Amino acid sequence: EPVDSFDYVIFGATGDLTMRKLLPALYRRFAEGQVPADSRIVGTARSPLDDEGYRERARQALHEHVRADELIDATVNRFLRMVHYVSLNGAESTGNWEGLKSLLVSNAAADRVRVFYLATAPDLYGDIARNVAEKGLRSESSRIVLEKPIGTDLETARKVNEGVGRYFPEGSIFRIDHYLGKEAVQNIIALRFANPMLERMWDRDSIEYVQITAAETVGLEGRGGYYDGSGALRDMIQNHLLQVLTVVAMERPVSLDADALRDEKVRVLKSLKPLDRDNLRANVARGQYVQGTAGGKPVPAYREELPGETPSNTETFVALKAEIDNARWRGVPFYLRSGKRMPEKLTEVVVQFRAGEPGLFGEARPGSRLVIRVQPNESVTLPLFVKHPGDSFGLDEVDALSRLGEPGRIRYRDSYEGLMLDAVKGSPALFVRKDETEAAWQWVTPILEGWREDENGPDTYEAGTWGPDSARELLRQAGHQWVEDI
Ligand code: BG6
């Protein structure tokens, strides 16, 4: 069902995110009939382009990032007609704000939903919000979408939130975490709360540990400027992995309303046992890749990929052991890890149930392992032991497998597609509330501080492997193993 006509203003419109994700997402929704053709997408950035110049770039972006069979020339042309461009530095009050304003308030469009999407460096968010407000661009129903990262630690995150909060009420601020846009992450909520069997077993009595992995094969991808100042903890753990963790661990919300859901998520974040310099070594491993292979080809070390081959202590891999200090989870390790240049692109949640009793079938039966594959090939598997056919009481392990959806028939929406239109509809359930971001930073910031004091820097791992040995050691202490070693 189509949404109401809207205007989407993108700051940072010539950037990588806009080209790779935002325009393709809007195009796909348009192609599927969800975006009325009189909506407008207004790109702004500093480059001196006109509408036509920007449309050409947008067209190229679609050709690069949308599958050919989804690209229909006539549809692309109709889509591009919605696209406009205003050359403007959103953080500065000088510039063609009048041009942008007259475009937005012209004709019947003045009171339609207006979304401002900030895909620029986060330290500009406050200034852009101010300019949008002071230049009179807000409408009755405007919303502002903030890309991650919100800040680089707790203090800067608060600054960003305050800066934007001065001009937009919290209810109209949409902090995007695209992992919440992933179908298989949303499905965790259904899996947990629509299956009473699982719901009853979802606690420390039944579960031994949980692993959440987000592995990537790519290295720096020319993003050195951003990434080297960030590292894996800020880039992936603070947001994406902690968000997945909240969905896995939260209590049953009273409803699926945005605030009911987010109240429970923030409780999980606030219950995380603090990690700091005194317990850092025992609970956190960090690594940086050196030369190795990716896709069968030799690849350079992280440091060699950096411009000027500068020495760097930035971590490209983190593994850590988190504990949620509440009645449901006390004592259950949540192992989180994420890294670049791993052997495969894989995001997965592994829930390891406790072992059974020895006896009938020999030794103690190993506990079941529920595997939630977020990407690629979304699926949920839960192996079961059954009797081997025949005379003896031997056992076979069978996989109860569910692909989420039928492969080839259902196209999984890219995570940005749903989220971008949720902002139009004003549905914040899958966006991150202010207190969530800040609670996540509160937990992550002491780790960053501890690292800063630790001259050893990250351990090294060969590109194309599962990270440094310290990541395995982290689990070994507890008699556990990462899933690929089991
Ligand atoms: C982004 C990070 O937020 O997520 C990137 O900045 C990372 O470094 C990306 O590659 C991973 O997203 P996905 O959807 O491909 O798992």
- Item | Gyration tensor verdict on the range 275-317 (Cα atoms; rounded if a/c is under 1.5, prolate if a/b is larger than b/c, oblate otherwise) | oblate
- Arrange S230, S39 by Cβ neighbour counts within 10 Å, fewest through most, would you? S230, S39
- Assertion target for M197, M250, ordered by fewest C-beta neighbours within 10 angstrom first, is M197, M250
- Report the Stokes-Einstein translational diffusion coefficient (µm² s⁻¹, integer) for the range 1-108, Rh taken as the Kirkwood radius over Cα pairs, at 10 °C with viscosity 1.306 mPa s. 112 µm²/s
- Query: For N77 and K273, FRET efficiency with R0 = 45 Å and r from the beta-carbon atoms, rounded to 0.05?
  - Reply: 0.20
- Rounded if a/c under 1.5, otherwise prolate or oblate - the range 235-357, Cα gyration tensor axes: prolate
- Task: Take every Cα-Cα pair in the range 113-167 and report what % of them are more than 13 Å apart.
- Result: 56 percent
- Using Cα pairs under 8 angstrom and six or more residues apart, how large is the relative contact order of the range 335-485, in percent? 17 percent
- If contacts are Cα pairs under 8 angstrom and at least 6 residues apart, what is the relative contact order of the range 179-296 in percent? 24 percent
- Item | Least to most buried among D123, D435, D73 (fewest other Cβ within 10 Å first) | D73, D123, D435
- Task: For n ≥ 4 DSSP H runs only, could you compute -39500 (n - 2.57) per run for the chain, divide by its residues and tell me the 222 nm figure to the nearest 500?
- Result: -9000 deg cm²/dmol
- Message: Suppose the chain between R476 and V105 were pulled fully straight at 0.36 nm per residue; how much longer would it get relative to their current alpha carbon spacing?
- Response: 127.4 nm
- Item | Rg(Cα)/(2.2 N^0.38 Å) for the chain, N = residue count | 1.03
- Under 29 Å from K135, Cα to Cα: lysines that are on another chain or at least 8 residues apart: K21, K101, K148, K159, K425, K434
- Message: Charges on Cβ only, +1 for Lys and Arg, -1 for Asp and Glu, centred on the Cα centroid of the range 112-239; of G171, Y209, V132, which one is farthest towards the dipole's positive end?
- Response: V132
- Would you mind getting me the FRET efficiency between A68 and S141? Use the beta-carbon distance for r and R0 = 60 Å, nearest 0.05. 0.95
- Note on the structure: For N326, placing the label point 7 angstrom along Cα-to-beta-carbon and taking the range 266-302, residues whose amide nitrogen sits under 17 Å are 266-274
- Can you check how the C-alpha radius of gyration of the range 86-207 compares to 2.2 N^0.38 Å, as a plain ratio? 1.43
- Message: Can you compute the label reach from E455? Point 7 Å from Cα along the Cβ direction, backbone N cut-off under 19 Å, restricted to the range 258-283.
- Response: 277-278, 281
- Rg and Dmax of the range 142-209, using alpha carbons, in Å: what are they? 17.5, 47
- Message: Under a Cβ-only charge scheme (Lys and Arg +1, Asp and Glu -1), can you give me the dipole magnitude of the range 158-285 about the Cα centre, in debye to the nearest 20?
- Response: 300 debye
- Message: Multiplying the sequence separation of V254 and K425 by 0.36 nm and subtracting their Cα-Cα distance, what value in nm do you get?
- Response: 59.3 nm
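Where a number appears in this text, it was derived from the coordinates with a stated rule and is not lab data. Because the structure is a prediction, the values reported are computed rather than measured. Here the Cβ is made from the backbone with ideal geometry for all residues, glycine too, and neighbour counts use every protein chain on show.
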